[in-house]
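This report refers to the structure that appears directly beneath it.
Values in this text are rule-based calculations from the coordinates and carry no lab data. Nothing here was measured: the structure is a model prediction, and the numbers come from that model. Here the Cβ is made from the backbone with ideal geometry for all residues, glycine too, and neighbour counts use every protein chain on show.
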Amino acid sequence: MYSVALKMLFGDRGKYLGLVFGVAFTTLLINQQLSIFIGLLNRAGSTVADAPEVDVWVMDPGVKTVDVVFPLRDSELPRVRGVPGVAWAVPFFKGAGTVRTSKGTVEGTVIYGVDDVSLIGVPQRTLLGDVADLRMPDAVAVDPDGYRRIWPGEPLELGRIIELNDRRAVVVAVVDSAPSFINLPIVYTRYSLAMAFTNNGRNQLSFVMAKVEPNVDPEAVAADITRRTGLKASRREAFRWEQIRFIIGNTGIPVSFGTVVTLGVVVGLAVTGLLANLFVLDNLRQFAALKAIGVKNSKLIGMVMLQTGTAGVVGWALGLFAAAAFFHFAGANNPTFRGFYLPWYVAIGSGGLAAMIIIASTAASLRRVLFLDPAIVFRG
């Protein structure tokens with residue numbers, strides 16, 4: 001009986017391809033939009049991700065995101081270092097600047113100033129050069145996306161000179177930083193040099209990054225820092241999630257992507273439901289003939305489920321392949337798309353959602369089969 005069901009399905013190519021297309025389109029849309037949404041959220045915590053050796057981030061109590069900071073007094077750094085359980089603590093600066101190249105082009109930029117000695121806070125993965133060269137005079141490192149924005153179409157090259165806030169700077173490294181949520185060039189330099197580049201005022205310290213001693217709970221140390229200094233101290237992972245929650249709660253990104261995904265599900269449900277119903281309607285005589293020879297309703301239900309399930313699996317596989325191909329080719333041809341990929345859990349979740357769409361569509365068409373009168377096969 002099940003082989004007969006597949007022959008009925010493949011025999012009606014138009015409706016079969018329509019079912020496959022409906023599921024494939026929904027799968028592609030869900031995987032693409034959810035993956036881009038997750039990629040954007042991951043970008044919100046890129047600054048934290050680039051300093052994996054840091055256990056605790058310390059900041060002004062009002063700070064909610066690394067993109068909006070209130071500077072601390074320099075005296076806060078030794079206070080944090082004096083908290084029991086802190087192995088070391090280093091300064092971290094974040095500011096804004098303007099880059100002018102030798103060709104006269106101007107780009108806004110983000111300036112990160114890291115500890116002069118340890119250079120903690122600079123991504124250790126480099127595409128060109130050595131992070132240790134940041135200790136040289138006027139030395140800066142840039143991210144690859146920023147390099148391409150400052151020198152579009154030109155190969156990566158060390159020794160390039162830029163004018164950063166009216167001061168000379170030399171590119172000594174191109175670092176493989178995590179993609180940033182703000183699409184601006186990122187410049188890394190020493191903390192002392194960052195002060196010279198910006199000179200924003202009396203207080204310059206944006207964050208204190210601390211490492212706890214071995215076998216010490218970072219959560220307990222963070223609470224102790226807050227109690228002793230009055231500053232806000234967050235574990236690394238907690239601070240990263242705070243960046244993500246800030247994006248979710250203060251931007252329209254979740255609503256935009258959620259609307260697109262919902263529309264995709266609705267369209268997929270409407271298309272597959274309509275075509276599944278038309279498929280059953282066009283094959284009522286065949287189902288009636290099967291009933292007339294004694295095939296039970298449970299067997300007929302299994303046949304219909306096999307038909308729609310086969311179309312659903314093929315459609316899901318095609319949609320998943322199209323989504324994976326999109327991220328592969330988009331990432332290869334567009335450097336600004338770096339960091340976006342198709343997570344495995346999104347692919348599995350889209351399969352579950354496709355199964356729900358198929359089941360709902362099939363349920364709407366099964367009523368005709370269950371209450372079908374076998375006598376119609378003998379009518380003209």
> Would you list Tyr191, Tyr341 from fewest to most Cβ contacts within 10 Å?
Replying inline: Tyr341, Tyr191
> With springs only between Cα atoms under 10 Å, which of Val83, Val208, Val54 fluctuates most in a Gaussian network model of the chain?
Replying inline: Val83
> Under 13 Å from a point 7 Å along the Cα-to-Cβ line of Ala87: which residues of the stretch 203-247 have their amide N that close?
Replying inline: 210-218
>> Please compute the length gained on full extension between Glu157 and Thr259, using 0.36 nm multiplied by the number of residues separating them and subtracting their Cα-Cα distance.
In response: 32.4 nm
>> Relative contact order for the stretch 73-230: what percent, with Cα pairs under 8 Å and sequence separation of 6 or more?
In response: 36 percent
> Which part of the stretch 66-106 falls in the paramagnetic zone of Ile182, meaning amide N under 15 Å from the point 7 Å along Cα-to-beta-carbon?
Replying inline: 66-71, 93-99
> Taking H as built 1.01 Å from N, whose amide H comes closer than 5 Å to the amide H of Leu127, not counting residues under 5 places away?
Replying inline: Val174, Val175, Asp176
>> Among 33-45, 253-265, how do they line up by average Cβ neighbours within 10 Å per residue, starting with the highest?
In response: 33-45, 253-265
> For q = 0.14, 0.18, 0.21 Å⁻¹, what log10 I(q)/I(0) does the stretch 73-230 give under the Debye formula with an equal point scatterer on each alpha carbon and no solvent?
Replying inline: -0.71, -1.04, -1.28
> Taking Cα centroids, how far is the stretch 174-245 from the stretch 54-128 in Å?
Replying inline: 6 Å
> Quick one: if you stick a label point 7 Å off each Cα along the C-beta vector at Ala132 and Leu17, how many nm between them?
Replying inline: 6.3 nm
>> With an 8 Å Cα cut-off and a minimum separation of 6 or more residues, compute the relative contact order for the chain in percent.
In response: 29 percent
>> For the chain, take the longest principal axis of its alpha carbons; what is the angle in degrees between that and the long axis of helix 13-44, to the nearest 10 within 0 to 90?
In response: 20 degrees
>> Spelling out what I want: for every residue of the stretch 86-100, take phi, set θ = phi - 60°, compute 6.51 cos²θ - 1.76 cosθ + 1.60 (Karplus), and round to whole Hz; glycine and proline get x.
In response: 8, 6, 7, 9, 10, x, 9, 10, 9, x, 10, x, 10, 9, 10
> How much length is gained if the chain between Ala355 and Asn215 is pulled fully straight, taking 0.36 nm per residue apart and subtracting their Cα-Cα distance, in nm to one decimal?
Replying inline: 45.7 nm
> Based on the alpha-carbon gyration tensor of the stretch 127-192 and its eigenvalue square roots a ≥ b ≥ c, which shape applies: rounded if a/c is under 1.5, prolate if not and a/b is larger than b/c, or oblate?
Replying inline: rounded
> Cα axis of helix 218-229 to longest principal axis of the chain: angle in degrees, 0 to 90, nearest 10?
Replying inline: 40 degrees
> So what's the back-of-envelope 222 nm ellipticity for the chain, counting only DSSP H runs of four-plus at -39500 (n - 2.57) apiece and dividing by all residues, rounded to 500?
Replying inline: -17500 deg cm²/dmol
>> Taking the number of other C-beta atoms within 10 Å as the exposure measure, put Tyr16, Tyr147 in order starting with the fewest.
In response: Tyr16, Tyr147
> Taking Cα atoms, how many degrees apart are the long axis of helix 297-333 and the longest axis of the chain, rounded to 10 and kept between 0 and 90?
Replying inline: 30 degrees
>> Taking 30 Å as R0, compute the FRET efficiency from the Cβ-Cβ separation of Lys299 and Ala270 and round it to 0.05.
In response: 0.55
> So between Trp241 and Tyr345, what do we pick up on full extension, going 0.36 nm a residue minus the alpha carbon distance?
Replying inline: 35.6 nm
